1. Somewhere in segment 41-52, is a residue touching a residue at least 40 places away in the same chain (Cβ under 8 Å), closer than 20 Å to residue 98 by Cβ and in a loop (DSSP other than H, G, I, E, B)?
2. Looking only at segment 116-137, which residues are modelled with pLDDT under 90 and more than 22 Å from residue 26 (Cα to Cα)?
3. In segment 148-161, is there at least one residue being assigned to a helix (DSSP H, G or I), within 26 Å of residue 61 (Cα to Cα), modelled with pLDDT of 90 or more and touching a strand residue (DSSP E or B) at 6+ places or on another chain (Cβ under 7 Å)?
4. Just checking, how many residues over segment 66-109 are touching a residue at least 24 places away in the same chain (Cβ under 8 Å) and exposed (fewer than 14 other Cβ atoms within 10 Å of the Cβ)?
5. How many residues does segment 69-103 hold that are under 20 Å from residue 8 (Cβ atoms) and either touching a helix residue (DSSP H, G or I) at 6+ places or on another chain (Cβ under 8 Å) or not in a strand (DSSP E or B) (or both)?
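The values are calculated or read from the model by the stated rules, or taken from the named source; none is laboratory data. All of these numbers come straight from a predicted model, not from anything done at the bench. Glycine also receives a Cβ, built like all others from the backbone with ideal geometry; neighbour counts cover every protein chain displayed.
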């Protein structure tokens with residue numbers, strides 16, 4: 001089972017991912033409404049602190065072509081797109097894409113299955129980043145034509161094992177569920193517990 005920890009906001013958090021052999025590190029860019037939004041310069045610092053085996057993911061909402069190029073130039077391995085797709089994705093930017101869906105967007109899935117640049121689909125709750133789960137029956141039997149099924153939405157150390165056994169996703173994705181209760185930032189003990197639960201037999 002692969003694990004994605006999303007919403008990193010400081011380079012010190014990269015250490016927690018390295019120590020627990022996490023597969024993907026998500027950072028929110030160009031989304032000032034998000035409390036986890038960070039600058040490109042800070043994202044570069046975090047990327048440089050990650051083990052090379054941890055793939056970096058820029059998490060965006062309806063990015064424009066200029067923002068996509070900035071993300072590519074910053075050295076990200078993937079771009080995760082919530083909201084609408086850009087009309088003009090830069091032709092010379094070879095960035096694999098994770099397309100995020102909330103459960104209300106599932107009827108639009110077919111059109112995105114035609115895009116070969118999309119390597120995975122993030123299935124999230126009605127309000128992404130809310131820390132709330134959704135009805136996993138909506139996604140457990142989806143045919144994604146070989147793309148990754150990335151399950152997000154309200155996962156935490158207490159429920160991720162059930163999610164893995166029920167949905168059988170390729171990747172489990174968490175942000176709120178591994179954060180401190182009383183202050184901003186990622187809790188290393190919760191990250192350790194999440195990875196252990198997700199990857200245990």
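1. No: segment 41-52 contains no residue that is touching a residue at least 40 places away in the same chain (Cβ under 8 Å), closer than 20 Å to residue 98 by Cβ and in a loop (DSSP other than H, G, I, E, B).
2. 135
3. Yes - at least one qualifying residue is present in segment 148-161.
4. Matching residues across segment 66-109 total 2.
5. Of the residues in that region, 11 qualify.
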